[in-house]
Structures are given as structure tokens and as C-alpha cells.
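Participant: Take a look at the following structure, please.
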Amino acid sequence: MSFSYLKFDPPGKDIPSQGYSSEFVSKAMARLVKPIDPDDPEQYPTDLTIICGSLKVEAHSHVLCQDSSYFKVVCKGGFLEEQTQKLELPAEEEFLIRRLLCYRYTTGYNDESYDDEKDPPPHIVAPTYVNRLYLNAQMYSTADKYDIPSLKQKAAEKFDAAIREIHAHEMMNPYAGVSLVDEIIEAIPHIYDSTPDGDRRLRDRAVRVAICKRRDFENHPCLRDLMAAVPEFFEDIRV
């Protein structure tokens, strides 16, 4: 993300990786888009209200428009959103939009699961388990939908990192929790449904996992359901 025409204080280390409440999003925005004179809040005022499900947050259109033709058109293309300074996004995408906004302002987003020691913030109804591969595949397709190439690259990198980390954990604790094969099988339908045939980034990673874990994959109880849902995946494995 390039903001060469503005001066920023770097994001503080005290910004938590998992806090995606409306309050956190606003604070993260405030820290990254901190004006040169902190006593003059009018220097870089927010000019757009984003509404998505239970999320309602004040944002900066110039930040959202960076690296995104979608937001450039919506925010600067003479549409109703530019006049009203309000942008409503699909409520069912709230879980992902919170992460998209945090990425726009901090160049990162959380893909970790919540547990007893790391409770989700009050604005998020989060399960105790999050499939990191599925979540990063969703962020990949969300970045594609809103045309944010840098976020798409970040999601792909986090998808790869999650594969390595889950595999390493599985090697150290072979009978603990959900396996890499469990997670990739859950993610495969979304990967193939949300990406065009020419976009091989996540597809090739899924194929590689299936080949490397062939025995576990072939013996998985959900294999038949996956074959019926995503036959093209199995064509890729045979190539």
C-alpha cells in the first residue's frame, strides 16, 4: 500500500491481532491515518460511513481506493455512495469485511481461531474453531471481488503459511484436533467455486496437499461428497 503523499506514524505494537470490533477498526484507522498535527483532527477527516451487518464504521475513501478499482468507482465515480458518503456492503460478508478494513489500515488481518484464552471481541459472534484455510480462501475471493490485488496476495501467502503451520503441528501432535486434510477438504469447494479456471494459485496448493497426503485423503469419510461437489478437483489430481 502506497501513501507517499502523507506522513504516518507507524502502527503501534499494542494493536491486537485479533480485535475486530468496530472500536478496534476505528482505533486502527486512527493510528495509521494519524495527521501530521495530532491536535488538528480536521486535517484528514473521515468521509465515508461503511455499513455491513452490525458493523458501522467511519472510514477514509482515499485509503479504500488505494489499489482497488471497485472502491474508486463506488467512492469517486459519481454514484449515490459518493453523494451520501455511505457505503452499504452485504451483511453476510461482515466477518470478511472487518478483515478487509483492518488490512486496508494495518496491511494485515487475523486468521487465527479463538479459544478460552483469546476470547472474540463483543462485536463478533465467532466459533471456537476457525478453518484458517477456508478463511484465507474466502479472503482471497473477497479481494478478487473488490479488486484489491495486494490483499489477494496477502491471503494467498497466509493460505500457504497456514498449510505449513497446520502440517507442522500435525507432525508434532498427530492425534490432536483437526487435520490438514480435514481443513483442505472443507476449503476446496469454495476455492473452486470462487476462482476462475485460469486462477491456479489456491487450486494448485489444494492439489499439492491432496497428493502429499494421498493416503489420508483417499480414506477420508467426506471424499465421496467432495467428488460429487467438485469433480474438477479430481481431474486436476489426475493430470
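Participant: Please give the FRET efficiency for residue 49 paired with residue 161, using the beta carbon to beta carbon distance and R0 = 25 Å, rounded to the nearest 0.05.
Facilitator: 0.15
Participant: Determine the order of 57, 73 by accessible area, beginning with the largest, at a probe radius of 1.4 Å.
Facilitator: 73, 57
Participant: Could you give the length gained on full extension between residue 228 and residue 147, defined as 0.36 nm per residue of separation minus the Cα-Cα distance, in nm?
Facilitator: 26.1 nm
Participant: Can you figure out the FRET efficiency of residue 172 with residue 215, using R₀ = 22 Å and their beta-carbon distance, to the nearest 0.05?
Facilitator: 0.70
Participant: Just grab the label-to-label distance for residue 236 and residue 197, each label 7 Å out from Cα along the Cβ direction, in nm (one decimal).
Facilitator: If labels sit at residue 236 and residue 197, their model points lie 1.3 nm apart.
Participant: Further question: What is the gain in length, in nm to one decimal, between residue 204 and residue 56 on full extension, counting 0.36 nm per residue of separation less the C-alpha to C-alpha distance?
Facilitator: 49.6 nm
The values are calculated or read from the model by the stated rules, or taken from the named source; none is laboratory data. On a predicted model such as this, the values are computed, not experimentally measured, just so you know. Please note: Cβ atoms are built from the backbone with ideal geometry, for glycine as well, and neighbour counts cover all protein chains shown. When the accessible area is computed, the model is the full protein with side chains, heavy atoms only, and any ligands, DNA or RNA have been set aside. Shrake-Rupley method; radii C 1.70, N 1.55, O 1.52, S 1.80 Å.
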